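Each remark here refers to the structure printed beneath this line.
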Amino acid sequence: MKKVIIIAAGKGSRLGNLTKDLPKTLLQINKKSILDHQIEIYHKSGITDINIIVGYQSHKFNNRSEKIIHNTDYEINNILESLFYAEDIIKDECIISYSDIIFRLEVVTELVKDNNPITIVVDTKWKKSYLNRTMHPVSEAEKVQFNHEQELIKIGKNISLEQTNAEFIGMLKLNTEGAKIFKKFYHTAKAKYSNDAFFSALSFQKAYITDFLNYLIYNNITVNCLVIEGGWMEIDTPQDYNNAPNFFVKI
């Protein structure tokens, strides 16, 4: 059974007053929250097992029908640690997603068809979305380099533009084997790096998923890239939020 895990514990502080009293994923775009835009796409894809990891303003999720998982340490950890509050359901086939992205149906339908153990979604037309994105510069993009077989070589904000093939959109899929690999290496990394820097993160507790993907590659684990050309948008700043309604005009 396919399931989705949406990581929505953070505050989204770059959105300023917009998230003063509301989690970023519950911001309304065209009278529907970012989260509900996501869930609508998943339902259209035939996925109804939706799990949401919450932290900041968690009571705002109280009346939802999806399974809610609480990251009680969201103020001191980061997205990788947040994800593993859902460790018990990281099994079988599952899609893992950031909570601050909107995307078209075909992004999910293509990912559902992918049978690799670990696959991340990457956008090769990513530079277009940065043309007038002054509040979120290219230096903030989670850039990706992959080889001719679309296998990940490295990922992160510190990759040079010359090496960059695409941008990670904040969505990945694990099959049963991939889920086992993900959990095994997470615990190995946590034991080894618990008090140390972990790739780009100052500590394992503050690590991003991109840091963990680099760790998998370092350990010769293949991470495949599903290439898309647009069809998604990140909402990270007030400028992004103001532009978000235009995303739906283009459908």
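Things worth noting here:
- Low-density loop cleavage sites - GluC sites (Glu not before Pro) in region 152-251, where at most 11 other Cβ are within 10 Å (DSSP): E162, E229
- Amide H contacts of L226: I120, V121, V122, each under 5 Å away and 5 or more positions distant or on a separate chain (H built 1.01 Å from N in the peptide plane; Pro and chain starts excluded).
- For the chain, the convex hull spanned by the alpha carbon atoms encloses 123 Å³ per residue.
- If you take all other residues with their beta carbon under 9 Å from the beta carbon of N224, and give Lys and Arg +1 and Asp and Glu -1, the sum is -3.
- Between the amide H of D236 and those of Y241, distances stay under 5 Å, these residues lying 5 or more places away or on another chain, with hydrogens modeled in the peptide plane.
- Largest GNM mean-square fluctuation among T19, T134, T237, using the chain with Cα springs under 10 Å: T134.
- Region 1-71 - percent of accessible surface contributed by carbon and sulfur, probe 1.4 Å: 45 percent
- Helical runs (DSSP H, four residues minimum) scored at -39500 (n - 2.57) apiece and divided by the length of the chain put the mean residue ellipticity at 222 nm at -8000 deg cm²/dmol.
- Close amide H pairs (under 5 Å, H built 1.01 Å from N) link F146 with I153, N165, residues at least 5 positions away or on another chain.
- 3J(HN,Hα) from dihedral phi, region 95-102, Karplus parametrisation 6.51/-1.76/1.60, rounded to Hz, x for glycine, proline: 9, 10, 9, 5, 9, 10, 10, 10
- Taking every protein chain into account, the 1.4 Å probe leaves W232 with about 30 Å² of accessible area, to the nearest ten.
- Placing +1 on the Cβ of every Lys and Arg and -1 on the Cβ of every Asp and Glu, with no other charges, gives region 29-100 a dipole of roughly 420 debye about its Cα centre.
- Shape call, region 136-234: gyration tensor on alpha carbons, a/c limit 1.5: oblate
- Length available on full extension from D73 to K180: 0.36 nm per residue minus the Cα-Cα distance, which gives 36.1 nm.
- Beta bridge orientation in the chain: antiparallel %, DSSP, nearest 5: 50 percent
- Within-14-Å neighbourhood charge of L35 [Cβ basis; K, R +1; D, E -1]: +2
- Antiparallel DSSP beta bridges within region 30-162, as percent of all bridges there, nearest 5: 45 percent
- Segment Q163..N62, full-extension length gain: 32.0 nm, with 0.36 nm per residue of separation and the alpha-carbon distance subtracted.
- In sequence order, calculated HN-Hα J values of region 36-51 (Karplus, 6.51, -1.76, 1.60; Hz; x Gly/Pro): 5, 4, 4, 4, 4, 5, 4, 5, 5, 7, x, 9, 10, 8, 10, 10
- The orientation-averaged projection of the convex hull spanning the C-alpha atoms of region 90-136 amounts to 4.5 square nanometres.
- Applying a DSSP loop filter and a limit of 15 other Cβ atoms within 10 Å to the trypsin sites (Lys or Arg not before Pro) in region 10-71 leaves K20, K31, R64.
- Rolling a 1.4 Å probe over the protein chains gives C225 an accessible area of about 10 Å².
The values are calculated or read from the model by the stated rules, or taken from the named source; none is laboratory data. Everything numeric here is computed off the predicted structure, so don't read it as measured data. Note that we place each Cβ from the backbone using ideal geometry, even for glycine, and neighbour counts take in every protein chain shown. All accessible areas refer to the heavy atoms of the entire protein, side chains included, with ligands and DNA or RNA removed. Shrake-Rupley method; radii C 1.70, N 1.55, O 1.52, S 1.80 Å.
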